[in-house]
Each structure stands twice: as C-alpha cells, then as structure tokens.
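Down below is the structure, laid out as structure tokens.
The values are calculated or read from the model by the stated rules, or taken from the named source; none is laboratory data. Fair warning: this is a prediction, and the values are worked out from it, not measured in the lab. Ideal geometry is used to build each Cβ from the backbone, glycine not excepted, and the neighbour counts take in all protein chains shown.
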Amino acid sequence: MTGLETAGSSGTLPHAGSIVDIRYQRIGRPTEVYRQIVLESGPDLVVSLQPRTPIARPLVVDGFTILEPRSPVIWFSFPGKWHDIGLFHRTNGAYTGFYGNILTPVEFVDGRLWETTDLCLDVWMPRWGSVRLLDEDQLDTAESEGHISMKTADRARSEARALVHACHAGTWPPPETHDWSLVKALEVCRRIGG
C-alpha cells in the first residue's frame with residue numbers, strides 16, 4: 001500500500017480561524033472529507049472543532065452512546081504523531097470522553113487541506129470508567145486481507161499500546177487536552193469568527 005509507511009506532517013499548518021477540509025481514508029472504504037474550524041494552531045498541536053459530526057448512527061461502546069449524529073467534537077491533531085484525540089460529546093453537549101484515533105501522521109497539504117489514513121485502532125477513555133482498546137479485529141482483518149502492511153499494522157498496534165500505557169500512568173490524554181471544553185471551543189469559535 002503506497003503512502004502509509006512514508007506519511008508525514010509536511011506542509012503548511014493552518015491559522016486559527018481557518019476552515020480546513022480533512023481527506024480521511026478508512027481502509028477498504030471511499031475517502032471522506034470532513035470540514036472543521038481551526039481554534040488554535042502551533043507546531044506541536046492543532047485544535048479544531050467539528051460542530052456537527054456527520055455520522056449516520058450513534059457510536060456505542062459497552063452499551064453507552066459516546067457520540068451521536070450531529071454531536072460536536074473537539075479534535076487535537078499532533079503534527080508527526082500517529083494518533084489524534086477527539087473530545088467527544090452528545091448532541092446535548094454532555095462530554096462523554098476522550099477518543100484516541102490511531103492514524104497515519106496528518107499530512108498538512110496546505111493551510112486548508114489535510115490528509116490522513118485511519119489505521120482501525122481506537123483508544124477510548126470514558127468520562128467515567130476504564131480505558132479500552134477498540135477495533136483490534138478490524139486491524140487484523142485489514143492486515144490479513146493485504147489492505148495494510150505488517151509494518152504499518154505493527155506501528156498502529158505500538159501506538160495504541162503506548163496510549164493505553166500512558167493512560168494507566170496518568171499521562172494520557174495529555175494536559176493540553178484538559179484545557180479545552182465545549183464552552184471554551186464555542187467561545188473561541190465566536191471570537192475568531194468561525
């Protein structure tokens with residue numbers, strides 16, 4: 001599979017207030033494009049808001065709805081890292097937890113376009129409860145069917161294990177993610193004209 005092993009974070013970081021389109025490739029599925037508002041941008045972290053998640057049905061973990069169609073999500077993208085983090089909410093604004101999405105490092109094509117490939121695994125840290133590693137079966141299937149190389153699959157597993165370990169050590173999600181709430185994100189969005 002081309003591009004997965006060499007993905008990086010080159011390109012131009014967006015400015016706060018920018019609208020960005022994210023070309024999001026899920027293995028074995030058509031590319032989707034998500035539009036987000038950049039709230040904060042720096043060399044180590046880009047914070048963006050997806051005001052209404054375009055999912056078709058609720059995302060449920062252990063019988064608990066963690067994300068609903070049209071729910072807001074605050075996204076934390078770390079240039080060069082093999083994951084991003086979503087601060088998930090329900091449609092009523094209730095915070096449900098942190099969602100670590102294992103993916104190729106975001107390619108900042110320019111200030112308004114990003115690209116990345118989802119690597120199946122997700123780390124879920126609910127508001128109440130214990131950390132969970134999700135979708136290992138999806139990665140195993142993608143690897144066995146040749147949609148992803150063994151090297152990339154191993155890199156995804158390593159990243160997911162590191163996040164789970166960091167969660168148990170009390171260092172994940174990182175402190176900068178705890179500085180954000182939906183109220184703050186909406187205030188920043190209004191201030192920057194998003």
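List of remarks:
- Filter pass, Leu59 being modelled with pLDDT of 95 or more, more than 22 Å from Pro175 (Cβ to Cβ), in contact with an Asp or Glu (Cβ under 9 Å, 6 or more places away or on another chain) and surrounded by 15 or more Cβ atoms within 10 Å (Cβ to Cβ): yes
- Scanning segment 10-61 for residues that are touching a residue at least 60 places away in the same chain (Cβ under 8 Å) and among the polar types (S, T, N, Q), we see that the one that is farthest from Thr141 (Cα to Cα) is Ser18.
- Qualifying residue in segment 110-124 (condition: under 27 Å from Glu68 (Cα atoms) and surrounded by fewer than 18 Cβ atoms within 10 Å (Cβ to Cβ)): yes
- Test: residue in segment 85-101 that is out of contact with any strand residue (DSSP E or B) (no Cβ under 7 Å at 6 or more places or on another chain) and either modelled with pLDDT under 95 or aromatic (Phe, Trp, Tyr) (or both): no
- The residue that is farthest from Ile102 (Cα to Cα), counting only those in segment 12-44 that are basic (Lys, Arg) and in contact with a strand residue (DSSP E or B) (Cβ under 8 Å, 6 or more places away or on another chain), is Arg35.
Here's the yes/no breakdown for (1) crowded, with 18+ Cβ neighbours inside 10 Å; (2) among the β-branched types (Val, Ile, Thr):
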{"residue": "Ile22", "(1), (2)": "yes, yes"}
{"residue": "Arg26", "(1), (2)": "no, no"}
{"residue": "Asp44", "(1), (2)": "no, no"}
{"residue": "Leu67", "(1), (2)": "yes, no"}
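- Annotation note: of Ile27, Ile22, the sole residue that is under 21 Å from Gly80 (Cα atoms) and at pLDDT below 95 is Ile27.
- Of all residues in segment 130-170, those satisfying the criterion of being in contact (Cβ under 8 Å) with a residue 12 or more places away in the chain and aliphatic (A, V, I, L, M) are Val131, Leu133, Leu134, Leu139, Ala142, Ile148, Ala153, Ala156, Ala160, Leu163, Val164.
- The residue pairs whose first member lies in segment 86-100 and is polar (S, T, N, Q), whose second member is assigned to a loop (DSSP other than H, G, I, E, B), and whose beta carbons are closer than 6 Å, counting only pairs six or more residues apart or on different chains, are Thr91/Glu68; Thr91/Arg70; Thr91/Ser71; Thr96/Arg127.
- Meets criteria (in contact with a strand residue (DSSP E or B) (Cβ under 8 Å, 6 or more places away or on another chain), under 21 Å from Trp75 (Cα atoms) and in contact (Cβ under 8 Å) with a residue 40 or more places away in the chain) for Val123: yes
- Residue that is nearest to Ser18 (Cα to Cα) [pool: residues in segment 36-76 that are assigned to a loop (DSSP other than H, G, I, E, B) and of a type in the set (Asp, Glu)]: Asp44
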